[in-house]
Amino acid sequence: MAANKKLLVLPGDGIGPEVMAEVRRVVDWMARKRTVSFDITEDLVGGACFDAHGCAVRDETVADAMNADAVLLGAVGGPKWDSVPRQHRPEAGLLRLRKDLDLFANLRPALVFDALAEASSLKLEIVKGLDILIVREATAGVYFGTPRGEETLPDGTRRAIDTQSYTEAEVRRVASLAFELARKRGNKVHSVEKANVMETGIFWRRVVTELHKAEFADVELHHMYADNCAMQLLRDPKQFDVIVTDNLFGDILSDEAAMLTGSLGMLPSATLGAVDAGGRRRALYEPVHGSAPDIAGTGAANPLATVLSYAMCLRYSFDMGDDADMVEKAVQNVLAGGLRTADIMQPGKAKVSTTVMGEALISELDKLAG
Ligand code: NAD
């Protein structure tokens, strides 16, 4: 048995526990078949935590998250908690985890499975086989810069101000991470800004260039303006491997790239932080979708986004690329076999429930493991 890794599982609300139950099957399968076992702690977050403890996340849970090798989260929220005081709203639990763990980089892959390529709004040949990763700086930039606010000018008219600001350290840490991740993938990084019109863009480009020269010269680096990147993502997305960009551009470009792949129920994500004194990089993995209260309890939830988030966890937190590949391949095969949850249903395919999709994944993993 390999040394146990600590995984904190937070299923959350709505469909969170339903999709997480299918991930637990995959985790258990790996413990049995791949001799990789995790020390798993499961805890409450969001509305479920509020109901039990009167807060959206407990201090003990945050401490566990700090000590875990990775955190895997389902989703939080729902109309049941709409009238709860703001500081105890389900989202506050997630925000606190992100803040206390200092998770500065949001990772959103756009991975197109062959069987779903036709669901993309782009032509099949443009998206087939697509596998790109957007690394978005998530704790600085224009969403946090000061001064910000609205004011009335001496002539009585009003104006509003946001400030885009980046320190060298903020750019370096997210760019370093992007270069490191690229080394585990296609070894190519596109650094995206607006150096043609923004001071922060010129600065971003300079810092990334210096860092590349000093520490990552083996990785192929390209610079691209954000508006061109938005265009290139639609024209020829397969030219990209890893894209690293600031908070604002990343917000927009990651949504654009995600939609190349079709459905919300298929989209995983990760937020990563700094490496701690013990050499561990703090990390939270979660599907992009929310708690989907409209379908919670009906067995219609697609568990694949959360399963793929777990595959990201294997790849990026545990350096288990082969196992991550295997999980992704199992997803690919289940889809190729024609099984679909309602959200990705296509004519002529078989509509299945959350649990049947999970069972099919395990059968595929069995086949792949021989
Ligand atoms: P949502 O992502 O929960 O749902 C949007 C639509 O997509 C719904 O019709 C839903 O049924 C469908 N959908 C989402 N995930 C699916 C899946 N895995 N399988 C099948 N269909 C799926 O977004 P929303 O409706 O805007 O928000 C619902 C609640 O979730 C709100 O309380 C919101 O605050 C919360 N939320 C949480 C997170 C998070 O935990 N990270 C993210 C977004 C929204």
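The values are calculated or read from the model by the stated rules, or taken from the named source; none is laboratory data. In this text, all values refer to a predicted model and were calculated from it rather than measured experimentally. Neighbour counts run over all protein chains shown; Cβ positions are idealised from the backbone, glycine included.
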Looking at segment 84-97, I want the residues that are touching a residue at least 60 places away in the same chain (Cβ under 8 Å) and have a partner that is near the ligand (Cβ under 10 Å from one of its atoms) and among the charged types (D, E, K, R) with Cβ atoms under 7 Å, at least 6 apart or on another chain. Which pairs are those?
Pro90/Asp13
Considering only segment 331-349, how many residues are in contact (Cβ under 8 Å) with a residue 40 or more places away in the chain and not in a loop (DSSP other than H, G, I, E, B)?
7
Expected single match for in the same structural domain as Lys5 (by TED's automatic domain parsing) and in contact with a Lys or Arg (Cβ under 8 Å, 6 or more places away or on another chain) among Ala324, Ala305, Ala311 is Ala324
Those strands (runs of 3 or more DSSP E) completely within segment 125-242 that have 2 or more residues that are more than 18 Å from Asn106 (Cα to Cα) and modelled with pLDDT of 95 or more are 145-152, 158-163, 220-225
Test of understanding: among Ala195, Ala217, Ala226, which residue is under 26 Å from Gly129 (Cβ atoms), among the hydrophobic types (A, V, I, L, M, F, W, C) and either in the same structural domain as Thr163 (by TED's automatic domain parsing) or in contact (Cβ under 8 Å) with a residue 40 or more places away in the chain (or both)?
Ala226
Verdict on Ala75 being away from the ligand (no atom under 12 Å from the Cβ) and either closer than 17 Å to Val9 by Cβ or at pLDDT 95 or above (or both)
no
Pairs, first without any contact (Cβ under 8 Å) to a residue 60 or more places away in the chain in segment 302-321, second within 16 Å of the ligand (Cβ to nearest atom) and of a type in the set (Val, Ile, Thr), C-beta under 6 Å, six or more apart:
Leu304/Val331
Taking segment 49-72 on its own, how many of its residues are out of contact with any helix residue (DSSP H, G or I) (no Cβ under 8 Å at 6 or more places or on another chain) and either away from the ligand (no atom under 16 Å from the Cβ) or at pLDDT below 95 (or both)?
9
Residues being part of a loop (DSSP other than H, G, I, E, B) and in contact with a strand residue (DSSP E or B) (Cβ under 8 Å, 6 or more places away or on another chain): count how many of those fall in segment 248-264.
2
Residue count, segment 27-48 (criterion: assigned to a helix (DSSP H, G or I), within 16 Å of the ligand (Cβ to nearest atom) and touching a helix residue (DSSP H, G or I) at 6+ places or on another chain (Cβ under 6 Å)):
1
Identify, please: which residue in segment 265-324 is in a loop (DSSP other than H, G, I, E, B) and of a type in the set (Asp, Glu) and is, among those, farthest from the chain's Cα centre (by Cα)?
Asp294
Evaluate the following for Asp131: is it under 30 Å from Arg58 (Cβ atoms), surrounded by fewer than 22 Cβ atoms within 10 Å (Cβ to Cβ), more than 16 Å from the ligand (Cβ to nearest atom) and among the acidic types (Asp, Glu)?
no
